[in-house]
Amino acid sequence: MKKQGVLLILLCFVWSTAGCGERYTEPAYSQEETLVRGEDSLSPHTGALVTLDTERLSSEQVVWGPGRETDDENRPTACVDLQEKYGRYGAVFLTDEDGICLTFDEGYENGYTASILDTLQEEQVSAVFFVTLDYVKKEPELVRRMIDEGHVIGNHTAYHPNMTQVSLDKAQENIQILHDYVRENFDYTMTLFRNPEGAFSEQVLAMTREMGYKSVLWSFAYNDWNVQEQPNPENALKKLTDRMHPGAVYLLHAVSRTNDQILQQWIQNAKAAGYEFILLS
């Protein structure tokens with residue numbers, strides 16, 4: 001089973017360049033080339049310097065995509081395998097509950113987040129919103145609303161780098177800078193992290209865990225982020241509904257017009273199928 005899961009990840013990575021059906025490719029947001037190192041290298045939760053015995057950990061990049069092979073519960077088998085392999089580092093591919101965890105990535109605002117929040121409030125569903133530094137600086141009212149309405153704010157790094165392509169120092173800084181900004185400006189302490197581009201390594205997962213974060217990957221995502229080529233709403237709704245499974249972590253982008261259009265119906269479909277919506281913490 002593990003060999004199949006690893007093979008599936010490798011195949012999905014290769015197929016992504018040829019338009020693999022469900023290979024999710026995340027957009028590259030603007031990045032700062034230089035980060036200033038200072039006291040921000042302290043662990044956000046302990047105040048201690050983050051230290052790792054990096055020699056014993058792999059720095060090999062894994063570009064995540066769940067693939068299409070599923071088990072008898074409709075869970076992607078690659079998620080099952082990697083949850084077992086990397087769970088000790090606080091990585092989450094699947095939750096250990098039967099419900100669905102709904103998450104949104106927020107790299108920039110495209111005019112749909114307020115409507116999405118309205119839908120979530122109407123359906124009494126809480127979600128995780130993974131934000132960048134640029135987003136929280138430009139959209140403080142939306143971030144405050146997320147917090148006030150009981151949603152969870154997650155760390156998507158300050159400048160959205162591929163965390164395996166920068167030094168561990170800069171990777172730490174990307175987490176810490178955003179962590180400190182949100183804590184200081186919103187009186188909120190983040191504990192969930194999402195890897196930009198879905199790229200991680202054993203080193204990065206361990207470093208993130210030592211900083212007090214869980215790394216939340218996903219068991220469902222689709223190419224919803226390209227605002228110029230939005231998925232057909234009917235097809236997207238069917239896809240989101242057909243892929244539901246116990247312990248699911250759904251990654252959606254709030255920039256998507258389609259997601260805004262279908263969100264309420266999909267939530268109702270999930271509830272009708274017996275699923276509850278859960279929050280990670």
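What follows draws every value from the coordinates through simple rules; no lab data is involved. Computed from a prediction, not measured in an experiment: that's the story for all the values here. All Cβ positions, glycine included, derive from the backbone under ideal geometry; neighbour counts span all protein chains shown.
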> What's the extension gain from Glu234 to Ala273 if we count 0.36 nm per residue and subtract their Cα-Cα distance?
Replying inline: 12.2 nm
>> Per residue of segment 158-172, what does 6.51 cos²θ - 1.76 cosθ + 1.60 with θ = phi - 60° give for ³J(HN,Hα)? Whole Hz please, x for Gly and Pro, Karplus curve as stated.
In response: 5, 10, 6, x, 5, 5, 8, 9, 10, 5, 4, 4, 6, 4, 4
>> Explain nothing, just compute: Karplus ³J(HN,Hα) = 6.51 cos²θ - 1.76 cosθ + 1.60, θ = phi - 60°, for every residue of segment 69-79 in order, whole Hz, x for Gly and Pro.
In response: 6, 10, 8, 6, 9, 6, 7, x, 5, 4, 5
> Of all the Cα-Cα pairs you can form in segment 130-281, what percent are over 23 Å apart?
Replying inline: 43 percent
> So what are the ³J(HN,Hα) numbers for segment 109-114, from phi and the Karplus equation (6.51, -1.76, 1.60; θ = phi - 60°), rounded to whole Hz, Gly and Pro as x?
Replying inline: 9, 10, x, 10, 4, 4
>> What number do you get for segment 222-273 when its Cα radius of gyration is normalised by 2.2 N^0.38 Å, N = residues?
In response: 1.08
> How many nm is it between the label spots at Ser281 and Asp96, if each spot is 7 Å from the Cα in line with the beta carbon?
Replying inline: 1.6 nm
>> If each residue of separation counts as 0.36 nm, what is the full-extension length gain between Arg257 and Glu149 once their alpha-carbon separation is subtracted?
In response: 36.7 nm
> Stretch Glu122-Asp72 to full length: gain in nm at 0.36 nm per residue minus the Cα-Cα span?
Replying inline: 14.7 nm
> Whose amide H sits under 5 Å from the amide H of Ile153, counting only residues 5 or more places off or on another chain, with H placed in the peptide plane?
Replying inline: Phe129
> What number, in percent, do you get for the relative contact order of segment 103-150 if the mean sequence gap of Cα pairs under 8 Å and at least 6 apart is divided by its residue count?
Replying inline: 50 percent
> Between Val92 and residues 5 or more places away or on another chain, which pairs have amide H atoms under 5 Å apart, with H built 1.01 Å from N, and which residues are they?
Replying inline: Ser215, Val216, Leu217
>> Skipping prolines and chain starts, which residues have an amide H placed within reach, meaning under 5 Å, of the one on Phe277, given they are 5 or more residues away or on another chain?
In response: Ile100
